[in-house]
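The values are calculated or read from the model by the stated rules, or taken from the named source; none is laboratory data. These figures come from a predicted structure and were not determined experimentally. As a convention, Cβ positions derive from the backbone with ideal geometry for all residues, glycine included, and neighbour counts pool all protein chains shown.
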Amino acid sequence: MLATLIPLFDKKMNVLAYSIFTQRENLLAQPSLLGTGSLDLATRVLGLEIINNMGLGSVSEDRSVFIEVNEVSVFTDLEHDCRVDHSKVVLLGNSRIKPTDQYVKRIAALRQCGFSFAIKGLAYAQFDEYRPILDLTDYILLNHKRINIAVARSYFSKNYPDLKLIAVNVNTREEYDALADRDAYSMYEGEFFRMPISEGGKELAPLKATYVELLNVVNAPDFDLTKAADTISRDTALVISMLKLVNRMSRNSEITSVRHAAAMLGQKELKKWINTAVTKELCTDKPNEITRLSLLRAKFAENLAPVFDQAGLANELFLTGLFSVLDIILEKPMEEALALVNVGRDIQNALLKHEGGLAEVLDFMAAYENASFQEVSRQLLLKNIDDDKIYDAYIKSLIWYRDLFVA
């Protein structure tokens, strides 16, 4: 099974919800499922299984989650199968759910149980036909490239004033800014928030300069623990965070100084913690999703190391994932951003040239997080990798991220 989370932003770049994209089987490995055989799996609501098993907090904190249902699974016992707060679940259907009495009654019943409903894949010419369903719909997903938003907004504001419009396939920051400036949609989905910086950015603020200095210290060959500790001491938040970590690891030890705490962690653990904690701090004035993406990529890449026969490069993969959005964090082109931190040549080659084994994992993750499951399936088939190993690596990264913020 494959699964990934796609964030939905508002016009201020706040994440309001996540959509769970799933695929149960590798369709390239089982061609029979590409046709009507796919209905053999139609009664399973994979997104629901995920939030039931992991808890809503692991997936999306306290935000809503969009979960896909089809023309078959919408009639399953969703009311009892869903073990999380129904009001946080948005059931996402498509144009195969027809505006007939049986579907209309079913959607109405689900809404009575607290679920919200969304629909995607409708063309403008279908809006009137789907009126019975749109009357019960909370969100409609629209491909902004294929619709005149001015006409659509006029139509929906007149006929469905409470219906929220979601723009999908927003793939550049310019597209997002133009749509957001016009207040065109309630939410936006696409790759725009992680597009690389290609032009010169801003100078580092003094606090960020301190963080970059710390990254340089710990990423230098055989770095000096004392120097790292002294740099940490300049920032109260980092000191508190490190002391909490050390206390969890050694509850009976009295920490006498920041240097003592650093020594207790040791070079390996201190390096990993600093790279993680500092990246979080560097992202404090960025959308939370950038922090989340950076940290999830780091752990996902580390978890994928043995799957891609690179177990010995787990630490390098962690840093590759962590710094994969360093250009966005520092608002500089990636080459300039990497020049400010000490990372190995292999990591630089992966991030700048997409070369080497580290880049192989990085590019795979990019396809995975975009829910490009056909490309993911192709790569897994070529490498003879089991889908479930990828799914397990991703789920473990979500759990790690959740636990990272537990006091």
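To keep it simple, each residue is scored yes or no on (1) outside the structural domain of Tyr394 (by TED's automatic domain parsing); (2) within 29 Å of Val376 (Cα to Cα); (3) not acidic (Asp, Glu); (4) not in a helix (DSSP H, G or I).
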| site | (1), (2), (3), (4) |
| --- | --- |
| Arg234 | no, no, yes, yes |
| Lys271 | no, no, yes, no |
| Lys280 | no, yes, yes, no |
| Phe308 | no, yes, yes, yes |
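Taking the options Val15, Val72, name whichever one is modelled with pLDDT of 85 or more, aliphatic (A, V, I, L, M), assigned by TED's automatic domain parsing to the domain that holds Asp183 and over 15 Å from the mean Cα position of the chain (by Cα).
It is Val72.
Output the qualifying pairs, or none if there are none: Cβ atoms under 6 angstrom, residues six or more apart or on different chains, first residue in the stretch 96-115 and closer than 9 Å to Ile133 by Cβ, second residue surrounded by 14 or more Cβ atoms within 10 Å (Cβ to Cβ) and β-branched (Val, Ile, Thr).
So the pair list comes out as Pro99/Ile133; Tyr103/Ile97.
Please work out which residue is modelled with the lowest pLDDT, limiting yourself to the stretch 204-227 and to residues that are among the aliphatic types (A, V, I, L, M) and closer than 18 Å to Phe323 by Cβ.
Residue satisfying both the conditions and the ranking: Leu204.
Within the stretch 236-247, which residues are at pLDDT 75 or above and under 17 Å from Lys280 (Cβ atoms)?
Leu238, Val239, Ser241, Met242, Leu243, Lys244, Leu245, listed by residue number.
Out of curiosity, is Thr284 farther than 20 Å from Ile395 by Cβ, without any contact (Cβ under 8 Å) to a residue 12 or more places away in the chain and in the same structural domain as Tyr391 (by TED's automatic domain parsing)?
yes
Identify all residues within the stretch 314-335 that are crowded, with 22+ Cβ neighbours inside 10 Å, closer than 14 Å to Leu362 by Cβ and of a type in the set (A, V, I, L, M); write none if there are none.
Scanning the stretch 314-335 gives Leu317, Leu319, Leu322, Val325, Leu326.
So if I check each of Tyr176, Tyr139, Tyr160, Tyr155, which one is modelled with pLDDT of 95 or more and in the same structural domain as Val65 (by TED's automatic domain parsing)?
Exactly one of Tyr176, Tyr139, Tyr160, Tyr155 is modelled with pLDDT of 95 or more and in the same structural domain as Val65 (by TED's automatic domain parsing), namely Tyr139.
Going through Lys98, Lys105 one at a time, which residue ends up being farther than 30 Å from Ile395 by Cα, exposed (fewer than 13 other Cβ atoms within 10 Å of the Cβ) and not polar (S, T, N, Q)?
Result of the check over Lys98, Lys105: Lys105.
Under 8 Å by Cβ, and 6 or more places apart or on different chains, what pairs join a residue from the stretch 134-150 that is within 9 Å of Leu163 (Cα to Cα) with one that is among the polar types (S, T, N, Q) and surrounded by fewer than 17 Cβ atoms within 10 Å (Cβ to Cβ)?
Listed pairs, sorted by first residue: Leu134/Asn159; Tyr139/Ser186.
Please state which of the following conditions Gly312 fails to meet, knowing it meets all the rest: (1) touching a helix residue (DSSP H, G or I) at 6+ places or on another chain (Cβ under 9 Å); (2) within 24 Å of Phe223 (Cβ to Cβ).
Failed condition: (1).
Does the stretch 124-173 hold any residues that are of a type in the set (Ser, Thr, Tyr) and over 29 Å from the mean Cα position of the chain (by Cα), and which are they?
Tyr124, Tyr130, Ser154, Tyr155, Ser157, Tyr160
Just to check your reading of the model, which residue among Glu360, Glu369, Glu336, Glu355 is modelled with pLDDT under 90 and of a type in the set (Asp, Glu)?
Going through Glu360, Glu369, Glu336, Glu355 in turn, just one is modelled with pLDDT under 90 and of a type in the set (Asp, Glu): Glu336.
Could you please find all residues in the stretch 336-345 being surrounded by fewer than 18 Cβ atoms within 10 Å (Cβ to Cβ) and in a helix (DSSP H, G or I)?
Selection gives Glu336, Ala339, Arg345.
Run Gly321 past the list (1) more than 16 Å from the chain's Cα centre (by Cα); (2) within 20 Å of Phe193 (Cα to Cα) and report the number of the one that doesn't hold.
Checking Gly321 against (1) more than 16 Å from the chain's Cα centre (by Cα); (2) within 20 Å of Phe193 (Cα to Cα), the one that fails is (1).
If I ask for residues that are in a helix (DSSP H, G or I) and within 18 Å of His260 (Cβ to Cβ), which ones from the stretch 215-226 would you list?
Once the filter is applied, which keeps residues that are in a helix (DSSP H, G or I) and within 18 Å of His260 (Cβ to Cβ), the stretch 215-226 yields Val217, Val218, Leu225, Thr226.
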